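The structure under discussion appears below in the form of structure tokens.
The values are calculated or read from the model by the stated rules, or taken from the named source; none is laboratory data. Since the structure is predicted, the reported quantities are computational estimates derived from the model, not experimental observations. Cβ coordinates were reconstructed from backbone atoms using ideal geometry, including for glycine residues, and neighbour counts include every protein chain displayed. Ligands, DNA and RNA are stripped out before the accessible areas are found, and what is left, the full protein with its side chains, is counted by its heavy atoms. Shrake-Rupley method; radii C 1.70, N 1.55, O 1.52, S 1.80 Å.
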Amino acid sequence: MKKSAWIFALVLGVTGTADAQQHPVKPRRLAPPSAQKDTVPVTKAEGHAVFVRLETLLSRGLNLVSSPKVGIAESSAPLTRSEVVSEFNRIFVEYKSSFKYTPPKVKFDASEITLKDPAARPKLEKLIAWGTVAKLGPIASGSVPTLTVHQFGDSVGFFASRIAELVHLPPSRWTPYLNGGRG
């Protein structure tokens, strides 16, 4: 019985590959990208709403009692990178006492930072060193003072994931740099 099962499986395998060679699978075409470019900057009102939601979710996830204290006024003016850095820094400082470990600092080239605001630059450098802002992302090295919806969403997601990582201590068995590099 076992021998006949092997022969049957072999016959199915051979006929299946022969059939696949005769009828190649063609990849289907994706829809063309939208003609409208993502060039509209995020407004302060949209940024305010995102930061309120972000802080609410982080507070709930960390079991901390915190009410959002967003420093961005709601208006239709474009949100600047400096304002985003200030909000990220405020949230970072607020949750730093809940951090479970200190990760290795991210090395970066300070000459790549294009942020012009002298008050926001040290905050940005600290956020980059902690890995909460991408060192070559749109906030640090963008060419314009505003952010598009895609850039802003990507930056907020990057920041939120890093904060979530910092407030939870992973098991040292699966995290080599927590146990001195030993596996």
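Checking every one of the trypsin sites (Lys or Arg not before Pro) in segment 36-145 against DSSP loop status and a limit of 13 other Cβ atoms within 10 Å picks out LYS37, LYS69, LYS100, LYS105, LYS107, LYS116.
Report in % the part of the accessible area of segment 45-183 that belongs to carbon and sulfur, leaving out ligands and nucleic acids; probe 1.4 Å.
Result for segment 45-183: 59 percent of the exposed heavy-atom area is carbon or sulfur.
With every protein chain kept in place and ligands, DNA and RNA left out, what is the accessible area per residue of segment 38-183? Probe 1.4 Å, answer in Å².
Working: 7940 Å² over 146 residues.
Value returned for segment 38-183: 54 Å² of accessible area per residue.
Rounded to the nearest 0.05, the FRET efficiency derived from the C-beta distance between ALA45 and GLU165 at R0 = 30 Å is 0.55. Projecting label points 7 angstrom from Cα along Cα→Cβ for ASN63 and LYS105 puts them 3.3 nm apart.
Within segment 140-179, name every residue whose backbone N is under 20 Å away from a label modeled 7 Å from Cα of ALA77 along the Cβ vector. Under 20 Å, as judged by backbone N against the label point of ALA77, lie 144-149, 152 of segment 140-179.
If you plug the beta carbon distance of SER172 and ASP38 into 1/(1 + (r/R0)^6) with R0 = 35 Å, you get a FRET efficiency near 0.25.
You can think of it this way: the chain between LYS3 and ARG53 has 11.7 nm of extra reach, that is 0.36 nm per residue less the Cα-Cα gap.
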